[in-house]
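The values are calculated or read from the model by the stated rules, or taken from the named source; none is laboratory data. Keep in mind it's a predicted model, so treat the numbers as computed, not measured. Don't worry about glycine lacking a Cβ; one is built from the backbone with ideal geometry, like all the others, and counts go over all protein chains shown. Areas reflect the complete protein model, heavy atoms only, side chains present, ligands, DNA and RNA absent. Shrake-Rupley method; radii C 1.70, N 1.55, O 1.52, S 1.80 Å.
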Amino acid sequence: MALAEVFESFSGPDAPVEFVAYDGSRAGEAGSPVKITVRSPAAVAYLAQAPGGLGLARAYVAGHLDVDGDMYEVLSRMTKAQSVDMSVADKLRLLQALGGPKLLLHRMPPPPQEVRQHRRWLTGRLHSKSRDARAISHHYDVSNRFYEWVLGPTMAYTCACYPSEDATLEEAQVNKFDLVARKLGLAEGMRLLDVGCGWGGMVIHAAREYGVKALGVTLSEQQATWAQAAIEREGLSGLAEVRHLDYRDVPETGFDAVSSIGLTEHVGKQNLPAYFASLFGKVKVGGRLLNHCITRPDNLEPAIRKKGFINRYVFPDGELEGPGYLISLMHDAGFEVRHEENLREHYAKTLAAWCANLDAHWDEAVQEVGQGTARVWRLYMAGSRLGFDRNHIELHQVLGVRLRADGTSGMPLRPGWEVPRVLTG
C-alpha cells in the first residue's frame, strides 16, 4: 500500500492539504497552499511507535517530515480532516501495510530537543527549586537573540492585550503592561514585586511610567542578564531591578503590589496553595495581586499531560488548572478577588504575531538555534494559537486585594482601569 493511500485512510480522500511521500505517491488537494512531505521511512517509524501528535512532532522536529505553508493553517486543516472513524482492525491493517510489527521493534530515538525525565538533569522532586530552575532554563535560556526576533521590541513572552483589532503586537504588549499597572493601582513611590518577570518588561514599564520602585525575579539567568542591561539603557537603575532568583527566596516584604504574569503555569498544582500564601505574605495590607496565567477551560482535564508534546519539548513540568480553582485558592490564601477576565482571543492574536515574526526571521533563527529547535517553536506556537482559538486553553487575569483589618479594600466603587493613560515611553 502506498503512503498516500494510508494518508487518505486516516484523513479522508478530500483532506484540504497536499500530501507527498518519498515513495512517489500523492494525495489530498493538489496545489494546496499547505503541503506535507514525508521524506523518509524514519517518519513512518516515528508515527507507528508514537501514534498521534507526539509521533508527528518527532518526525517533523527530526526533519523526516516537512510542512510547507502556514503551520497554523496546516494544523487547522488536518484537525478538520481527522474525523474519519477507524476500527482497531483497520488500524492494524494499515500498520501491516506499512511494514508490519517490525516498525515497532527497532525504537527510533527521540530528537535531542525532547526532554525525558530519566535524563539526569531533569531528575529530582517535581517542582523542587533545583528542578524548576532546570526546567525553566530548558525553555527560556534558548537564545536572547532568538527571542528578540520572535517577541519583538517589548520582549514580552506573555499574552498581549489588543486595544483594537488593528493594533500592532508592540502596542498590545505595552497596553497589557499598562492594564496590569492600572489594575494594581500603581502610583509614584509605590513598591512592586514582579515574580517570574521574564525580560523585565513589567518592571521597566512600572518604573518608567509610574515612578514605581520595581523588583523582578526570574529563574532564567539569560533573562536576568538581558533585563538588567535594558534597565541600565533606560536609565532606570535607581528604580528597577531584576534578579536571577526563585520567587520563594525573595527576602523583602511589604510591597504595595505584586504582579505574576506567566509564572503560575510553572508552579505545580501541589504547590499552588503555598504559592498564593507566599504572595499574600509579600503584599502589605491594602495591597493588590494581579495573577495572569494560562488555564484550562474547566477542572476536568489533567493538570499535565506527561507524554504530550508541550511537556516533552516546550514546558517541562508545566501544569494548568481551571480558573475557578485558582480563584478559590486565592481566596483561601487571604485575598479577596475583585475582578477576573478571560483574554483568550488576545492570546490567539499574540501567537499569530509571534508565528509571523518567526517566519520572517526563519533563516536567522535556524542559524542561531538550529533546525530542530526552530521547528519545535514553529509547531508549538501554531498549535497553541489553535488551542486558544478553539477554547482548549484560556488566559485569565485575576485581581485580588489583601483587605485591611476592618474589612475595607481601598478599591474604587467601579473600576477605572479601562481608561488608558497617555504613556511616556
**Message:** Give me the percent of accessible area attributable to carbon and sulfur for the stretch 294-416, probe 1.4 angstrom.
**Reply:** 49 percent
**Fill in**
Using alpha-carbon positions, the gyration tensor of the stretch 149-229 gives root eigenvalues a ≥ b ≥ c; with a/c under 1.5 called rounded, otherwise prolate if a/b exceeds b/c, else oblate, the class is oblate
**Asked** What FRET efficiency, computed as 1/(1 + (r/R0)^6) with R0 = 60 Å and r the Cβ-Cβ distance, is obtained for Glu252 and Thr79, rounded to the nearest 0.05?
**Response** 0.80
**Item:** Solvent-accessible area of Arg208 with every protein chain in place, 1.4 Å probe, in Å² to the nearest 10
**Value:** 80 Å²
**Residue-by-residue Karplus 3J(HN,Hα) for the stretch 184-194, coefficients 6.51, -1.76, 1.60, Hz, glycine and proline x** = 7, x, 5, 8, 3, x, 6, 10, 10, 10, 10
**Message:** Please compare each pair in Lys213/Lys349; Lys176/Lys213; Lys284/Lys349 to a cut-off of 29 Å on the Cα-Cα distance and tell me which ones are over it.
**Reply:** Lys213/Lys349; Lys284/Lys349
**Request:** Within 10 Å, count the other beta carbons around each residue, average over each peptide in 408-417, 228-237, and list them highest first.
**Result:** 228-237, 408-417
**Prompt:** Could you give the dipole magnitude of the stretch 169-318 about its Cα centre, charging the beta-carbon of Lys and Arg +1 and that of Asp and Glu -1, in debye to the nearest 20?
**Reply:** 500 debye
**Request:** Round to the nearest 0.05 the FRET efficiency obtained for Leu403 and Arg107 when R0 = 60 Å and r is the Cβ-Cβ distance.
**Result:** 0.55
**Fill in**
Checked the stretch 265-404 against the a/c 1.5 cut and the a/b vs b/c comparison, axes a ≥ b ≥ c from its Cα gyration tensor; verdict prolate
